[in-house]
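Inspection log for the structure reproduced underneath, given as structure tokens.
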């Protein structure tokens with residue numbers, strides 16, 4: 001019916017529908033309503049909300065998503081730090097004068113392994129965090145979101161891409177936690193320390 005009203009059917013199909021509509025009063029009312037709706041839809045322009053309204057909507061959606069993650073059965077695990085590049089001996093690249101502004105952390109859990117790369121920006125001393133989630137059970141890595149916590153407060157949230165990659169930018173020195181969350185699991189990475197590099 002909608003295709004006919006919007007002119008997306010063949011002439012033969014259009015003739016058949018015209019005959020059916022002509023013999024049915026209810027169908028005639030439906031066609032009248034569909035034509036009016038089509039006219040209004042063409043003339044209506046939906047504007048983007050003002051930035052303040054958009055920010056409120058984003059905040060409410062994030063609260064909704066957080067509540068949804070918390071509801072129902074959710075496997076919560078704390079990942080163990082299995083590698084810290086700062087704790088490795090000064091050999092190889094580091095010994096030959098490589099930049100001290102980078103640090104890599106690897107966390108392991110029964111749900112996923114997560115790598116964190118911290119890069120200090122030379123122009124302002126803040127750090128950019130690049131992470132990647134490697135689920136151990138074949139879960140789609142893009143199904144994860146990431147949340148950055150600074151103490152008890154949320155610093156930022158983002159979604160992982162199809163490769164499980166996520167990032168947070170311009171972090172001041174401090175100790176953070178990262179939560180990697182899917183509908184089935186929440187992985188907590190503790191002690192993600194952003195240090196001031198010299």
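For the reader, a short list of remarks on this structure follows.
- Among the conditions (1) modelled with pLDDT of 95 or more; (2) under 18 Å from residue 193 (Cβ atoms), the only one that residue 150 does not satisfy is (1).
- Residues that are part of a strand (DSSP E or B) and under 18 Å from residue 190 (Cβ atoms) within the stretch 133-144 comprise just one, 133.
- Residue 157 under 13 Å from the mean Cα position of the chain (by Cα) and either assigned to a loop (DSSP other than H, G, I, E, B) or surrounded by fewer than 21 Cβ atoms within 10 Å (Cβ to Cβ) (or both): yes
- Some residue of the stretch 164-178 being touching a helix residue (DSSP H, G or I) at 6+ places or on another chain (Cβ under 7 Å) and more than 12 Å from residue 116 (Cβ to Cβ): yes
- Test: residue in the stretch 113-133 that is assigned by TED's automatic domain parsing to the domain that holds residue 81, modelled with pLDDT under 90 and within 19 Å of the chain's Cα centre (by Cα): no
- Residue match in the stretch 102-116 (condition: surrounded by 18 or more Cβ atoms within 10 Å (Cβ to Cβ) and farther than 18 Å from residue 81 by Cα): no
Residues checked against (1) part of a helix (DSSP H, G or I); (2) within 30 Å of residue 159 (Cα to Cα):
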residue	(1), (2)
19	yes, no
41	yes, no
48	no, yes
66	yes, yes
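- For residue 17, the requirement of being in the same structural domain as residue 156 (by TED's automatic domain parsing) and surrounded by 10 or more Cβ atoms within 10 Å (Cβ to Cβ) is not met.
- Filtered residue count, the stretch 160-198, keeping only those that are part of a loop (DSSP other than H, G, I, E, B) and under 19 Å from residue 63 (Cβ atoms): 2
The values are calculated or read from the model by the stated rules, or taken from the named source; none is laboratory data. Worth saying up front: this structure is predicted, and the values here are computed from it rather than measured. Cβ atoms come from the backbone with ideal geometry, glycine included; neighbour counts cover every protein chain shown.
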